[in-house]
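Below is one structure, written out as structure tokens; the observations come after it.
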Ligand code: HEM
């Protein structure tokens, strides 16, 4: 059966589920202390940081809602970036290390998945920088969790 005749998988399912994102973020944050630009940014990191970010991204990509079921929210995530004064150099370094790590842990490399993945990384990291700027305050409302889909390609590579 062609994929078009069946259900389109979520990005989270296509990537390999929560375990694959946990492997991605574990590997990413294991590399951070050796990174000249990123090490100081994450020097005081919560020991469960990788687990929390993996749960957040898995949920955004349509996977299990472990982040919000544990009491997290988009507002809470935004709150973690407030006042950190992140720079474009740091954002670029984060994205670049994430792309290297995606290859290292074997995230799907098909054009459709990677286009959606990179689109989210660009969006999410730019928002993190904006929210970290001097003077930005915590949201007073309760913004919904972002939901990321396949975008214009509409589904995974079928060969
Ligand atoms: C798609 C992009 C991003 C997502 C989804 C994300 C998500 C998160 C989440 C969920 C937390 C809270 C973690 C916890 O509860 O332990 C967090 C904290 C944090 N994020 Fe981000 N983030 C992103 C981009 C960035 C970037 C680009 C930087 C810096 C270059 C950054 C720096 C930090 C820092 C320093 C913390 C606090 C770490 C700690 O003290 O534990 N984030 N982020």
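Listing for the model above:
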quantity: Where residue 117 falls short, out of the listed (1) within 23 Å of residue 65 (Cβ to Cβ); (2) surrounded by 13 or more Cβ atoms within 10 Å (Cβ to Cβ); (3) modelled with pLDDT under 95; calculated: (3)
quantity: Of all residues making up segment 52-81, the number that are exposed (fewer than 14 other Cβ atoms within 10 Å of the Cβ) and either under 11 Å from the mean Cα position of the chain (by Cα) or not in a helix (DSSP H, G or I) (or both); calculated: 4
quantity: Long-range neighbours under 7 Å by Cβ, at least six apart or interchain, first residue farther than 16 Å from residue 74 by Cα within segment 33-60, second in a loop (DSSP other than H, G, I, E, B) and more than 10 Å from the ligand (Cβ to nearest atom); calculated: 33/39
quantity: Scope segment 82-94; condition touching a helix residue (DSSP H, G or I) at 6+ places or on another chain (Cβ under 9 Å), surrounded by fewer than 16 Cβ atoms within 10 Å (Cβ to Cβ) and part of a helix (DSSP H, G or I); matching residues; calculated: 88, 92
quantity: Which listed residue is modelled with pLDDT of 95 or more, within 24 Å of residue 141 (Cα to Cα) and within 14 Å of the ligand (Cβ to nearest atom), from 49, 80; calculated: 80
quantity: Matching option when the condition is farther than 23 Å from residue 119 by Cβ, within 11 Å of the ligand (Cβ to nearest atom) and modelled with pLDDT under 95, among 71, 44; calculated: 44
quantity: Flag if residue 111 is more than 13 Å from the ligand (Cβ to nearest atom) and either surrounded by fewer than 15 Cβ atoms within 10 Å (Cβ to Cβ) or under 23 Å from residue 29 (Cα atoms) (or both); calculated: yes
quantity: Test for residue 102: is it more than 8 Å from the ligand (Cβ to nearest atom), outside any loop (DSSP other than H, G, I, E, B) and modelled with pLDDT of 95 or more; calculated: yes
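The values are calculated or read from the model by the stated rules, or taken from the named source; none is laboratory data. Computed from a predicted model, the values in this text were never measured in an experiment. We place every Cβ from the backbone using ideal geometry, glycine too, and count neighbours over all the protein chains shown.
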